[in-house]
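The values are calculated or read from the model by the stated rules, or taken from the named source; none is laboratory data. Since this is a predicted model, take the numbers as computed values, not measurements. Virtual Cβ from ideal backbone geometry, glycine too; neighbours counted across all protein chains shown.
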Amino acid sequence: MNYRVLVTGGAGYIGTHTCAALLEQGCDVTVVDNLSNGTVEALQQVEQLTHHTVRLVQADIRDRAQMHRVLEEGAFDVVVHFAALKVLTESLAEPVKYYDHNVGGTAVLLEAMQAAGVRNLVFSSSAAVYGTPDAVPIDESAPLLGSNPYARTKAIGELIIADQVRADPRWRAVCLRYFNPVGAHESGMIGESPLNLPTNLMPIVCEVALGKRPRLQIFGDQHPTPDGTCVRDFIHVMDLAEGHVRAVEWLMQGPEQACLNVNLGTGNGHSVQELVQTFESVSGKNIPFEIAPNRPGEVASVFAQVDLARDVLGWQARRPIDSMCADAWRWASRAG
Ligand SMILES: NC(=O)c1ccc[n+]([C@@H]2O[C@H](COP(=O)([O-])OP(=O)(O)OC[C@H]3O[C@@H](n4cnc5c(N)ncnc54)[C@H](O)[C@@H]3O)[C@@H](O)[C@H]2O)c1
């Protein structure tokens, strides 16, 4: 599988794991990242891990001239587009910034791809596009209802891509709707290390385990779920990374279907409390927690219908929740 792949946002959490998976399959990888939430060191770790080099272009995807240059010089087969801002609460406070990076950046990327004749795209979407679902498991036919600016930028990204594919039949695209990525590469060499204060559950749990925070806040224990805490479809980041490899392969086989929206989850829900208990048992660390009020608009239970990924992409998540916790902890305890 020796494709030339451009990975935007490849220095970030899911990007580094996907770069590792692509390199291990023999792809040639170039990353465009502005390093606002990713690091050169993380990509160096990817190189050490895979014994392959990654080309890094430090650039912002909204920089039209740079993006045209990168795309025109690279002779890429496919683009995997991660670069985006992703903090839901920040998107409520600074919506325009989110539309600028996530929607404006995507439009610049597509324009540069079209100019360079690169027409295969894998897009990082999110289960957030479903908003508050009527029923679980959620399948891909559920309406796009994103209930916050971040989620809406992802839904709009999908719509722009679908319109581009409709306008030019030479385009092929896969929008991958991730559920809740957690964990780290099994080697412990790469993982999730946000440059700003962590907002996702697992990095916060790791900080509590390391003594960097006194306790975890769990938002609500009276939700209509078996133990009252929210239920999510946690997915190991390496399963997610392998889902991207399958999406690239699928695109490169020149599928009839031009635009595919597909859930990447395990299909199983686990409660926040269950995740914390599993983490405690695999790490041997006690995770003190307190119950905080429900967050506004918090959905009690979300998990994916995963048949489409299995049937069309031939992909299924393989790693169980204890591996997610053990691998996250191996990374966090090494990284300190
Ligand atoms: N982590 C999650 O829980 C989750 C869930 C669903 C969807 N996603 C999506 O997956 C993608 C990757 O998420 P992640 O968790 O790896 O985030 P991340 O912040 O770790 O990685 C994003 C990378 O993009 C870069 N970046 C941001 N804006 C940029 C810009 N304008 N130009 C160039 N580079 C830019 C950052 O420096 C960072 O390295 C994002 O699109 C996110 O919305 C993430």
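Thr132 fails exactly one of the following numbered conditions: (1) within 12 Å of the ligand (Cβ to nearest atom); (2) farther than 27 Å from Glu72 by Cβ; (3) polar (S, T, N, Q). What is the number of that condition?
Answer for Thr132: the failing condition is (1).
Which pairs have Cβ atoms under 6 Å, sit 6 or more apart or on different chains, and link a residue in the range 212-226 that is of a type in the set (Ser, Thr, Tyr) to one that is surrounded by 12 or more Cβ atoms within 10 Å (Cβ to Cβ) and not in a strand (DSSP E or B)?
Thr225/Ala300
Could you figure out which of (1) at negative phi; (2) without any contact (Cβ under 8 Å) to a residue 12 or more places away in the chain isn't true of Gly284?
Among (1) at negative phi; (2) without any contact (Cβ under 8 Å) to a residue 12 or more places away in the chain, Gly284 violates only (1).
Need the failing condition index for Val237 against (1) more than 25 Å from Gln25 (Cβ to Cβ); (2) surrounded by 15 or more Cβ atoms within 10 Å (Cβ to Cβ); (3) in contact with an Asp or Glu (Cβ under 9 Å, 6 or more places away or on another chain); (4) touching a residue at least 40 places away in the same chain (Cβ under 8 Å), just the number.
Failed condition: (1).
When you scan the range 231-244, do you find a residue that is at pLDDT 95 or above, away from the ligand (no atom under 14 Å from the Cβ) and part of a helix (DSSP H, G or I), even just one?
Yes: the range 231-244 contains one or more residues that are at pLDDT 95 or above, away from the ligand (no atom under 14 Å from the Cβ) and part of a helix (DSSP H, G or I).
Taking the criterion of being under 17 Å from the mean Cα position of the chain (by Cα), more than 11 Å from the ligand (Cβ to nearest atom) and either touching a residue at least 60 places away in the same chain (Cβ under 8 Å) or surrounded by fewer than 19 Cβ atoms within 10 Å (Cβ to Cβ) (or both), would at least one residue in the range 164-174 satisfy it?
Within the range 164-174, one or more residues are under 17 Å from the mean Cα position of the chain (by Cα), more than 11 Å from the ligand (Cβ to nearest atom) and either touching a residue at least 60 places away in the same chain (Cβ under 8 Å) or surrounded by fewer than 19 Cβ atoms within 10 Å (Cβ to Cβ) (or both).
Any idea how many residues of the range 4-22 are out of contact with any Gly (no Cβ under 8 Å at 6 or more places or on another chain) and either within 21 Å of Ala184 (Cβ to Cβ) or surrounded by fewer than 24 Cβ atoms within 10 Å (Cβ to Cβ) (or both)?
Residues in the range 4-22 being out of contact with any Gly (no Cβ under 8 Å at 6 or more places or on another chain) and either within 21 Å of Ala184 (Cβ to Cβ) or surrounded by fewer than 24 Cβ atoms within 10 Å (Cβ to Cβ) (or both): 5 in total.
On the basis of being of a type in the set (Val, Ile, Thr), in a loop (DSSP other than H, G, I, E, B) and in contact with a Phe, Trp or Tyr (Cβ under 7 Å, 6 or more places away or on another chain), does Ile287 make the cut?
On the way: of a type in the set (Val, Ile, Thr): yes; in a loop (DSSP other than H, G, I, E, B): yes; in contact with a Phe, Trp or Tyr (Cβ under 7 Å, 6 or more places away or on another chain): yes.
Spelling it out, Ile287 is indeed of a type in the set (Val, Ile, Thr), in a loop (DSSP other than H, G, I, E, B) and in contact with a Phe, Trp or Tyr (Cβ under 7 Å, 6 or more places away or on another chain).
Would you mind stating whether Met202 is closer than 21 Å to Ala292 by Cα, among the aliphatic types (A, V, I, L, M) and buried (at least 22 other Cβ atoms within 10 Å of the Cβ)?
On the way: closer than 21 Å to Ala292 by Cα: yes; among the aliphatic types (A, V, I, L, M): yes; buried (at least 22 other Cβ atoms within 10 Å of the Cβ): yes.
Yes, satisfied.
Do any strands (runs of 3 or more DSSP E) lying entirely in the range 156-228 carry at least 1 residues that are touching a strand residue (DSSP E or B) at 6+ places or on another chain (Cβ under 9 Å) and over 24 Å from Thr89 (Cα atoms), and which ones are they?
Answer list for the range 156-228: 172-178.
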